[in-house]
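To keep things clear, I will list the structure first and then write my remarks on it.
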2 protein chains.
Amino acid sequence: MDTRINRQWLLARRPRGMVSADDFQWIEVPTPELSDGQALLRNLYLSCDPAQRAWMARDSYVPAVKLGEVMRSGGIGEVVKSRHHEFEPGQLVWGVLGWQDFAIISPGPSSMISPLLPGVPVEANLSVLGLNGLTAYFGLLEIGRPQPGETVVISAAAGATGSAAGQIALIKGCRVVGIAGGPDKCQYVSELGFHAVIDYKAEDVDARLREMCPKGIDIYFDNVGGHLLDAALSLLAMRGRVILCGAIAQYNDETPPPGPSRYFNLALQRGRMEGFIVLDYYNRAAEAIPDLYRWLTEGKLKYRTDVVHGLENAPTALARLFKGENQGKQVVKVADPSQG
Amino acid sequence: MDTRINRQWLLARRPRGMVSADDFQWIEVPTPELSDGQALLRNLYLSCDPAQRAWMARDSYVPAVKLGEVMRSGGIGEVVKSRHHEFEPGQLVWGVLGWQDFAIISPGPSSMISPLLPGVPVEANLSVLGLNGLTAYFGLLEIGRPQPGETVVISAAAGATGSAAGQIALIKGCRVVGIAGGPDKCQYVSELGFHAVIDYKAEDVDARLREMCPKGIDIYFDNVGGHLLDAALSLLAMRGRVILCGAIAQYNDETPPPGPSRYFNLALQRGRMEGFIVLDYYNRAAEAIPDLYRWLTEGKLKYRTDVVHGLENAPTALARLFKGENQGKQVVKVADPSQG
């Protein structure tokens, strides 16, 4: 029996409205023994993602987290003990580790456990070289199919996925307009080189979009839903594409809000609105990672990380996403690496 | 000066709500002389199409009909006089002829004037071999890309476009479920060989769709919009497609109604919602017509025509579409062919 105490956040109830600490239960339990083929990780960073709200609520593209189960979360851990031939103490890996101090992993073809990329900061593996980067890459390039000179609009443009999608569109020669909330985020989006940025909290989004997209919107990369989706549909260019990546504006709503009343512009403009889930592309990560890695090291793909310290603050950190408080990728720092 | 009197319906005002005779003005004017390269047609049949409501209201994929202009309409006419080398009296042609007794046409590459297909009833050229057939053909096959065994749901399934789309889906080996309003239309859809039909006026559409589509909906061919679109999105199968062909439920609304609140199922199910306008495919009609013609003569593609007699009743005939009163393709019979 391992004598280390494992602190865990269990899902205590299905959320109603905004996620809160009351949706979870804190427990402290012993760390179980390893079986053959397993490894024990000390969690260093946990990734906060809007999709976690859906995992708490209901079965969707993955089964819901069960009540009483450790809250599901991506994260980075350090191997502290291993009975798997490919892992040894000190290694850092990415995986679905959960809100806890220690995770037992059983690496295998379907485990989504992957070693970190060397030569870049650890946190990059949580965002721009992780699921956010893959989401931006495959969503924009496979669903959106951008052409040089096209106008691309990105919502939640300061976020981990939106900022990557916008920068990839810039790399592909597009004119890129970001939408973000508040002066800090808008300032950041400008610094990334977007051609224009609209502060949806302070400006008339419809009027500013019309002004910034005089030839209409060829691609709208939607992380938000709600009114911004309608605003973009209203300005859809001929054969425009709407990439449905997220709908954070409504994840905390109990009943679905009205949908985009301008959806029929898709017919008038011969447009296409298409959704995707990044997990479908996970087995094609090897196509994307070399590009993302190169752009990162060339300074063309920037990111920033918003760190909340302490496992005990994981629920608070997750709620920051839905309140729009995070500046960049929201993570929870649980522990320092032993070699750090 | 031609001494024939030309009776015309002019657009008198932009419609508000349901179209009515008050939106038009009836005038009787002399028929103008022909110039070289023109032909004079006597209109025999006029086609009633939901899109005419949009043409009355505003510029969209084509410019709006101007106030004081003859109401725009497709139709079939007989050449009565010609100063064009390809046309001679007695010929029947399809074209955009307008709500009037006589139309002057200037045939040319962009005029959309086409001779009727021989060996089939004249009315077939207004529906199953006309724009409705092309709409069904390209919408279903190019946007929907049906595979044998897939489940296809068609709204307005008894209508000129819906009934053709459903029958083409049957020909392609799909399981086809139609939605129509009232026992007469549902009976007709059953006779066409659809696997199931749902009466949206009498049945719980959501419950019946769940029952009739146990594996979900692979393709939804939408002519209607409104609640039926949400019902279909709720049951979208993995990688399902929504073909946006029409939204007749809302064409008479002054402000856009709420859009489909279940649109985000497109992301969860990796689905695609795509619109099109049949005019984009007009120059590819030669790909579709041989198939449509063969299926028609083989009895696999049936149609029916709902005839209102008299040019004076054109506004009433158009309104029948939006009230769901028509049984099959709504046309106005203006005159008999001279050889008839």
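Some notes on this structure:
- Mean partner shielding of peptide A:251-259, defined as the number of other chain Cβ atoms within 10 Å of each residue Cβ, is 3.
- Note on the range A:147-236: Cα Rg divided by 2.2 N^0.38 Å, N the number of residues, gives 0.93.
- Within chain A, the selection of entire DSSP H helices by a Cα span of 18 Å or greater along the long axis and an average Kyte-Doolittle value of at least 0.0 returns an empty list.
- Teacher prompt: A:M18 distances to equivalent labels in other copies, 7 Å Cα→Cβ, nm: 4.7
- Placing R0 at 51 angstrom, the Cβ-Cβ distance between A:R13 and B:S60 gives a FRET efficiency of 0.55 after rounding to 0.05.
- In plain terms, the bigger the Kirkwood radius, the slower the diffusion; for the range A:240-280, with that radius from Cα pairs, at 10 °C and 1.306 mPa s, Stokes-Einstein puts D at 132 µm²/s.
- Solvent-accessible area per residue for the range B:182-247 (1.4 angstrom probe, square angstrom): 40
- Listed residues B:I27, B:I104, B:I76, most fluctuating in chain B (Gaussian network, C-alpha, under 10 Å): B:I27
- By the Stokes-Einstein formula, at 1.306 mPa s and 10 °C, the protein assembly as shown with its Kirkwood radius over alpha-carbon pairs has D equal to 57 µm²/s.
- If the segment from B:T316 to B:E191 were pulled out straight at 0.36 nm per residue, it would be longer than the present Cα-Cα gap by 42.2 nm.
- Label spacing, shortest first and in nm, from B:H309 to its equivalents in the remaining copies (7 angstrom along Cα→Cβ): 9.0
- Among beta bridges that DSSP assigns inside the range B:92-204, antiparallel share in %, nearest 5: 20
- A 1.4 Å probe over all protein chains sorts A:T3, A:T316, A:T161 by accessible area into A:T3, A:T316, A:T161, starting with the largest.
- Calculated [θ] (222 nm, deg cm²/dmol) that DSSP helices of n ≥ 4 give over chain A, each run adding -39,500 (n - 2.57): -6500 deg cm²/dmol
- Computed label-point distance, nm, for sites B:I171 and B:V307 using a 7 Å Cα→Cβ extension: 2.5
- Spin-label model distance (nm) - A:D184 vs B:K215, 7 Å beyond Cα toward Cβ: 5.1
- Of the GluC sites (Glu not before Pro) in the range B:30-85, those whose Cβ has at most 13 other Cβ within 10 Å and which sit in DSSP loop: B:E33, B:E69
- Shape class of the range A:256-327 from the alpha-carbon gyration tensor: oblate, with a/c at 1.5 or above and b/c at least as large as a/b.
- Area buried, chain B against chain A - accessible surface, total, 1.4 angstrom probe, square angstrom: 2600
- Inter-chain Cβ neighbour count for A:99-108, averaged per residue, equals 0 (cutoff 10 Å, partner chain atoms only).
- Within the protein assembly as shown, antiparallel bridges make up roughly 55 percent of the DSSP beta bridges whose residues both belong there.
- Those trypsin sites (Lys or Arg not before Pro) in the range B:55-116 that DSSP places in a loop and that have at most 15 other beta carbons within 10 Å: B:R58, B:K66, B:R83
- Surface accessible to a 1.4 Å probe, per residue, for the residues of the range A:47-141, Å²: 38
- Projected label points at A:L117 and A:E69, each 7 Å from Cα along the beta carbon direction, are separated by 3.0 nanometres.
- Fraction of accessible area attributable to carbon and sulfur, the range B:154-302 (%, probe 1.4 Å): 51
- Nearest-first distances (nm) between copies at A:H85, label 7 Å from Cα via Cβ: 8.4
- The alpha carbon centroids of the range B:8-64 and the range B:173-228 are separated by 34 Å.
- Shielding of B:269-281 by partner chains, average beta-carbon count, 10 Å: 5
- Per-peptide packing, taken as the mean over residues of other Cβ atoms within 10 Å, places A:296-306, B:219-229 in the sequence B:219-229, A:296-306 from highest down.
- Net charge dipole, the protein assembly as shown: roughly 180 debye, given to the nearest 20, about the Cα centre with Cβ charges of +1 for Lys and Arg and -1 for Asp and Glu.
- Each Cα pair under 8 Å and six or more residues apart adds its sequence gap; the mean of these over the residue count of chain A is a relative contact order of 17 percent.
- Accessible area (Å², 1.4 Å probe, nearest 10) - B:E287: 90
The values are calculated or read from the model by the stated rules, or taken from the named source; none is laboratory data. The shown structure was predicted, so the numbers you read here are calculated from the model rather than taken from an experiment. For neighbour counting, all protein chains shown are included, and Cβ atoms are generated from backbone atoms with ideal geometry for every residue, glycine included. In case anyone asks, the SASA skips ligands and DNA or RNA and just uses the protein heavy atoms, side chains included. Shrake-Rupley method; radii C 1.70, N 1.55, O 1.52, S 1.80 Å.
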